[in-house]
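Every read-out reported here was derived from the displayed coordinates using simple, explicitly stated rules and does not represent laboratory data. Quantities reported herein were computed from a predicted structural model and do not represent experimental measurements.
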């Protein structure tokens, strides 16, 4: 079972993606990996999910980020603090 904080990071990350980032990122970065830090609304791209999540962690080491592959069904991949 996912704890409330993790579920909230995922919810906010999905919302930011669908409302603000999806159109642009799917057009320009199809199939790349994405990490979104919901509090700052910063996002990071990578060739792998690990690469994108590591970039998010370097920028926001104390926060969780939502991760996914651009252009595929949205699945949760949340970085634990």
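In the chain, helical runs assigned H by DSSP with n ≥ 4 each contribute -39500 (n - 2.57); averaged across all residues and rounded to the nearest 500, the mean residue ellipticity at 222 nm is -11500 deg cm²/dmol. The angle separating the long axis of helix 49-59 from the principal Cα axis of greatest extent in the chain is about 60 degrees. According to the calculation over all Cα-Cα pairs in the chain, the P(r) per 10 Å bin from zero is 21, 58, 20, 1 %.
The angle separating the long axis of helix 4-16 from the principal Cα axis of greatest extent in the chain is about 20 degrees.
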